[in-house]
Amino acid sequence: MAATSTAGAGATLMPLLIQLLRGASDLASVSATHAKLLKLGAATSVASSNHLLAAYCRCGSTALARHLFDGMLDRNVVSWTALMSGYASTGRPRAAVALLRAMARSGVPPNAFTFSTAASACARLAHACLGRQVHARAEVAGYACDNVVATALVDMYGKAGSVPDARAVFDAMPATARNAVSWASMLSVYAQNALGHDAIQLFAEFITNGEDMALNHFMLSSVVNACAGVGRLSIGKCVHGMVLRHGHEDNDVIAVALVDMYSKCGCYEYSKKVFDRIKRPSVIPYTSIIVATAKYGLGRCALALFSDMVDRGVQPNSVTLLGVLHACSHSGLVDTGLQLLRSMRSKYGIDPCASHYTCAVDMLGRAGQLEAAFELADEAQVDGNDALMLWSSLLSACRNHKRLDLATMAGQKASEFTQDVAGALVVMSNAYASAGQADDAAAVWSNMRRRGIRKDPGCSWIEIKDIPYVFYAGVVSPADERAGEVMLLLDELVIKMREKGYKGRIGSARVFDADDEEDGDHHEEGRGVMVGVHSEMLALGLGLLMIPKGMAIRVMKNLRMCCDCHEAFKLISGIVEREFVVRDLNRFHHFRMGSCSCNDYW
DNA sequence: TTAGGGTTAG
């Protein structure tokens, strides 16, 4: 009789206890509820065990969840999937994938929940091979066309860097199955894989085809991110308008994306404005603005933002400190930077890693303290790709400071650490060239050509009336309507620059004098002629022709700007009395009235 | 029991 009454009480209490479990986020309350269920004799049913399992996973106790799972007499698909999800979300995605195999052996058939969880685990691993196996299993089981599974697969392929596979899964989804999440996932696949133009294209498609779906903050942040990557200011501004119209201006993730976008599009002031609107900035917004400030060469402002952040009790992370070091590096604040590197651990509890050392080595190298840079590089004790980066950066510092003896040493060190054949060859050819061994350098290049090894070509681009124009060094297609005009304009500018004493090159060949006999073959009606003109010069030329006076000309480049082009941009900004903003691989240069914001320290 | 977004040197 007593037993019946307990069972009766259990039946009444069960929904309440399940409700408690669903809302529980701390281990203590989950354990307490577990104890109550045991007391009621209701803890052994599959349903209640599954609720307990999920609750333990939610509060991060996968060990307890596993213990419970192992003791279950009967397990269904929910039990397996809940534990899998627990592993995936607590940093053990490999264990999650292993569970999928164990599940197959156990004979419990997986469902859509299982496959989307497994795909998400593979996404965390960024492991295309494992992901493909999950995809194949889902296909066989007939769940690959489920919209959640397909979306998880899109995300997985994207995170694993297989963009065409992601797109194929997205394209295979029936249009009616695609929802805001699937579109947003595909968009972020492009954005995360540095395919900003494709992301923007997809966004345009979404706006045209998917008007019935609400434009959500995930999509907005991804597309802002894409605009940042490719420097499409006009689209970025347009999306900012959408952010405001859809009421997402208080979303911190979008705000950070906007800070980053404006900064990467050369509009530091807008970037700062967006940052200043964030009510209580956390570490990521602070880091973002510090990095932006550093890239504009405003080292002291970046340091001020950093101390403001610390004063407000926001704990910096490893990326923040890298940003601060970067600020010191680009503003010549060597002592401050070194102090920070030495006190990272004691002050902020963060151990310097390869990236911090590389940044500090770069800072010393930039300042010409090459011996100290060598010592620090040796001290860093890094290997693999990190070491390649570290020594390559020191190599370029040695070259810039014309220390050819040290350049070959750094080049030798760098090439010890690379498996990338092309990378090693470029490093070595640079080292030879710096040491004045031009023949050796040329031999390396011809060896590369013979073996069909290529590096990505340098290019620059400029956006004019919402259209991006891309230029490669020395490549001006005669079919381009304005190519002739661009070359003519550059010719004229070079003559004016020469009058001001410019001796540099703006291409792979020197700028010729009209009376330069040696290069007489290139003469054309007595005018100086340029061969292999650098891509940023071509972009600037088109900008000067097409962008109305009074508007700044913004040029993007995928490599570092060379010293000669830097000098040329300075002079031209004075000659034509216009402002230019150049975003190169590392930072910004703002040219105005014959000088640059970097004060020639970069 | 399932899917999506932010900062990172050279």
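The values are calculated or read from the model by the stated rules, or taken from the named source; none is laboratory data. All values reported here derive from a predicted model rather than from experimental measurement. Glycine also receives a Cβ, built like all others from the backbone with ideal geometry; neighbour counts cover every protein chain displayed. These accessible areas exclude ligands, DNA and RNA; they are computed on the full protein's heavy atoms, side chains included. Shrake-Rupley method; radii C 1.70, N 1.55, O 1.52, S 1.80 Å.
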*segment A:580-602, residues that are within 11 Å of DNA strand B (Cβ to nearest atom) and outside the structural domain of A:MET561 (by TED's automatic domain parsing)*: A:TRP602
_Quick check on segment A:210-218. Is at least one of its residues away from DNA strand B (no atom under 11 Å from the Cβ) and open to solvent by less than 20 Å² (accessible area, probe 1.4 Å)?_
yes
_Subset of segment A:555-575 [part of a helix (DSSP H, G or I) and open to solvent by 10 Å² or more (accessible area, probe 1.4 Å)]_ = A:CYS563, A:ASP564, A:GLU567, A:LYS570, A:LEU571, A:GLY574, A:ILE575
_Cβ pairs under 7 Å, 6+ apart, first in segment A:377-389 and on the phi < 0 side of the Ramachandran plot and part of a helix (DSSP H, G or I), second more than 10 Å from DNA strand B (Cβ to nearest atom) and open to solvent by less than 30 Å² (accessible area, probe 1.4 Å)_ = A:ALA377/A:TRP391; A:LEU388/A:ALA414; A:LEU388/A:THR418; A:LEU388/A:GLY423
*Evaluation of A:MET72 against (1) more than 9 Å from DNA strand B (Cβ to nearest atom); (2) of a type outside the set (Val, Ile, Thr); (3) within 29 Å of the chain's Cα centre (by Cα) (one fails), failing number*: (3)
*What are the residue pairs meeting all of these: first residue in segment A:136-156, first residue more than 8 Å from DNA strand B (Cβ to nearest atom), second residue of a type in the set (A, V, I, L, M) and open to solvent by 50 Å² or more (accessible area, probe 1.4 Å), Cβ atoms under 8 Å, and 6 or more apart or on different chains?*
A:ARG137/A:ALA104; A:CYS145/A:ALA172
_Condition first: open to solvent by 60 Å² or more (accessible area, probe 1.4 Å) and within 9 Å of DNA strand B (Cβ to nearest atom). Now tell me which residues in segment A:238-253 satisfy that._
A:ASP252, A:VAL253
*asked:* If I ask for residues that are modelled with pLDDT of 90 or more and either under 22 Å from A:GLY297 (Cα atoms) or not aliphatic (A, V, I, L, M) (or both), which ones from segment A:374-390 would you list?
replied: A:PHE374, A:GLU375, A:ASP378, A:GLU379, A:LEU390
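Output the residue which, of all residues in segment A:340-383 that are among the polar types (S, T, N, Q) and within 11 Å of A:LEU321 (Cβ to Cβ), is farthest from the chain's Cα centre (by Cα).
Among them, the one singled out is A:SER343.
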*Could you check, for segment A:298-318, whether at least one of its residues is open to solvent by 20 Å² or more (accessible area, probe 1.4 Å), touching a His at 6+ places or on another chain (Cβ under 7 Å) and either within 12 Å of DNA strand B (Cβ to nearest atom) or basic (Lys, Arg) (or both)?*
no
*asked:* Quick check on this structure: which one of A:ALA175, A:ALA204 is more than 11 Å from DNA strand B (Cβ to nearest atom), open to solvent by 10 Å² or more (accessible area, probe 1.4 Å), at pLDDT below 90 and more than 26 Å from A:LEU298 (Cβ to Cβ)?
replied: A:ALA175
*asked:* Just the residues that are in contact (Cβ under 8 Å) with a residue 24 or more places away in the chain, within 23 Å of A:LYS465 (Cβ to Cβ) and among the small types (Gly, Ala, Ser), please, taken from segment A:214-259.
replied: A:ALA226, A:ALA228, A:GLY229, A:GLY231, A:SER234, A:GLY236
*Number of positions in segment A:169-181 that are farther than 12 Å from A:CYS145 by Cα and in a helix (DSSP H, G or I)*: 2
*Here are some conditions: (1) away from DNA strand B (no atom under 14 Å from the Cβ); (2) at pLDDT below 85. A:GLU371 meets all but one. Which one does it not meet?*
(2)
*asked:* Kindly evaluate A:THR117 against the criterion of being β-branched (Val, Ile, Thr) and either buried (at least 17 other Cβ atoms within 10 Å of the Cβ) or modelled with pLDDT of 95 or more (or both).
replied: yes
*Take the residues in segment A:46-69 that are within 14 Å of DNA strand B (Cβ to nearest atom) and not hydrophobic (A, V, I, L, M, F, W, C), then tell me which one is nearest to A:GLN19 (Cα to Cα).*
A:HIS51
_Search result, residues across segment A:120-158 that are of a type in the set (Phe, Trp, Tyr) and open to solvent by less than 50 Å² (accessible area, probe 1.4 Å)_ = A:TYR157
_Filter segment A:254-273 down to the residues that are within 13 Å of DNA strand B (Cβ to nearest atom), open to solvent by 20 Å² or more (accessible area, probe 1.4 Å) and under 17 Å from A:VAL243 (Cα atoms) and list them by number._
A:VAL256, A:ASP260
_Among the residues that make up segment A:37-48, is at least one of them closer than 18 Å to A:THR81 by Cα and buried (at least 19 other Cβ atoms within 10 Å of the Cβ)?_
yes
*Tell me, which residue of segment A:373-397 that is over 20 Å from A:TRP602 (Cβ atoms) and polar (S, T, N, Q) is least open to solvent (accessible area, probe 1.4 Å)?*
A:ASN385
*Check A:LEU233 against each of (1) open to solvent by 10 Å² or more (accessible area, probe 1.4 Å); (2) farther than 30 Å from A:CYS129 by Cβ; (3) within 21 Å of the chain's Cα centre (by Cα); (4) near DNA strand B (Cβ under 8 Å from one of its atoms) and name the one condition it does not meet.*
(4)
